[in-house]
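Before any comments, here is the structure.
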Amino acid sequence: MRADATCVNCLYAQQYDRVKARPEKEKKTEYLCEVMQLISCGVREGLTAPVIYARIQAAFDRTFAVETHYGPEKSHYNRLIMAQEDAICERIARAEDPVEAALCISRAANYIDFTVGAALSEDLLGQLLEQAQEHPLDPAEYANLKRDLEGAKRLVYLTDNCGEVVLDKLVVEQLKARYPHLELTVLVRGREAMNDATMEDARECGLCAVAKCVGNGDNATGTSLPDISAEAKSLLERADVLISKGQGNFETLHGSGLNIYYLFLCKCDRFTDLFKVPRNTGMLVNERRVAD
């Protein structure tokens, strides 16, 4: 899913907002010029927005002589959701279909995204989690997913954000209970990638205790097949079914032709325009059937 005009505007605006209050006038100008160049080159190369963002992040760290790390902020959201874990487990256990309930609740937590900046609201997050089961999965696509899981041998589950990864753990537990025959592997980011889940987050929330977790070797806020490790790429290509969380994974994997079920909230103009839905609408779509 190549970056388009909407992505260009979003990528630049994020960086302008990020540096406008910094005191280093000359460095800010230098940095924003480099951002424009990186975006322009990335678009000409046909890159996705998450891959371009990774290049921008490297430029930020180099220009301002820092190593950006969101560890404390990510841990805050992990702990925020972990504090609700027991209550959410009870909701899932009471549901007519615990797998669907877990998927819906986990999808709602896809709202946790640092790119929305000041607009990220813990109150809205709480509302989305509370109302998650009022917005069921697309029935036809969920039926396809269940059928594919019944016949599959290998499932790879791709995580996205911090906090959300706590609820991914609950999904994995339900999937393992419903489909015990599956060889299930969870893929997280290989290195720090803004607010995305890494092995550190997977360990903090207990995900590593319930499933095999693998870092993908890359620091893009998505899953870019040319850039991830050989191990991660092999896992994806050998899987019979993939469940992929978040917009970034959709942006980087759409067009791969793999049997991917994408689960995310539409959080930006490009996605609301693509799917013709309001902001924060939850989606379940399959790579081989979704419209471009």
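What follows draws every value from the coordinates through simple rules; no lab data is involved. Owing to the predicted nature of the structure, the values given are computational and were not obtained by experimental measurement. Counting neighbours? That spans all protein chains shown, and the Cβs are built from the backbone with ideal geometry, glycine included.
Which pairs in the list Lys176/Lys233; Lys20/Lys267; Lys212/Lys233; Lys245/Lys267; Lys146/Lys176 are over 21 Å apart, alpha-carbon to alpha-carbon?
Lys176/Lys233; Lys20/Lys267, as the Cα separations exceed 21 Å there.
Apply the Karplus curve 6.51 cos²θ - 1.76 cosθ + 1.60, θ = phi - 60°, to the phi angles in the range 29-43 and return the couplings in whole Hz, x for Gly and Pro.
Once θ is set to phi - 60°, the couplings for the range 29-43 become 4, 4, 5, 5, 5, 5, 4, 4, 5, 5, 5, 4, 5, x, 5 Hz.
Stokes-Einstein at 10 °C, 1.306 mPa s, Kirkwood radius from Cα pairs: D for the range 235-292 in µm² s⁻¹?
137 µm²/s
Looking at the square roots a ≥ b ≥ c of the eigenvalues of the Cα gyration tensor of the range 113-173, which shape do they give, rounded for a/c under 1.5, prolate if a/b is larger than b/c, or oblate?
It is prolate, given that a/c is not under 1.5 and a/b is the larger ratio.
Once phi is turned into θ = phi - 60°, what whole-Hz ³J(HN,Hα) does the Karplus curve with 6.51, -1.76 and 1.60 give for every residue of the range 247-255, x standing for Gly and Pro?
Residue by residue, the range 247-255 yields 5, x, 5, 5, 4, 8, 9, 4, x Hz.
Quick one: which of 146-153, 186-193 comes out on top by average Cβ neighbours within 10 Å, and what's the full order, highest first? Numbers along the way, then the final one.
On the way: 146-153: 13.6, 186-193: 22.4.
My ranking of the peptides, most packed first, is 186-193, 146-153.
How would you classify the range 188-239 from its alpha-carbon gyration tensor, with a ≥ b ≥ c the square roots of the eigenvalues: rounded for a/c under 1.5, else prolate if a/b is greater than b/c, otherwise oblate?
oblate
For the chain, give me the percentage of DSSP beta bridges that are antiparallel, rounded to the nearest 5 percent.
25 percent
With runs of 4+ DSSP H residues as the only contributors, calculate the mean residue ellipticity of the chain at 222 nm using -39,500 (n - 2.57) per run, divided by the residue total and rounded to the nearest 500.
Per the formula, -16000 deg cm²/dmol.
What span do the alpha-carbon atoms of the chain cover on each of the three principal axes, reported in whole Å from largest to smallest?
The principal-axis extents, from largest down, are 59, 37, 36 Å.
How high is the relative contact order of the chain, given as a whole-number percent (alpha carbon pairs under 8 Å, six or more residues apart)?
Normalised by residue count, the contact order of the chain is 19 percent.
Using alpha-carbon pairs under 8 Å, 6+ residues apart, how would you state the relative contact order of the range 161-265 in percent?
22 percent.
Could you run the Karplus curve 6.51 cos²θ - 1.76 cosθ + 1.60 with θ = phi - 60° over the range 119-128 and give me ³J(HN,Hα) per residue in whole Hz, x for Gly and Pro?
Rounded to whole hertz, the list is 6, 5, 10, 5, 5, 5, 4, x, 5, 4.
Over the Cα atoms of the range 104-145, Rg to Rh with Kirkwood Rh, two decimal places?
1.09
What net charge do the residues around Gly190 carry, taking every other residue with its C-beta under 13 Å from that of Gly190, with Lys and Arg at +1 and Asp and Glu at -1? Show your work: numbers first, answer last.
Details: positive: Arg189, Arg191, Lys233; negative: Glu192, Asp196, Glu200, Asp201, Asp218, Asp227, Glu231.
Here the count lands on -4.
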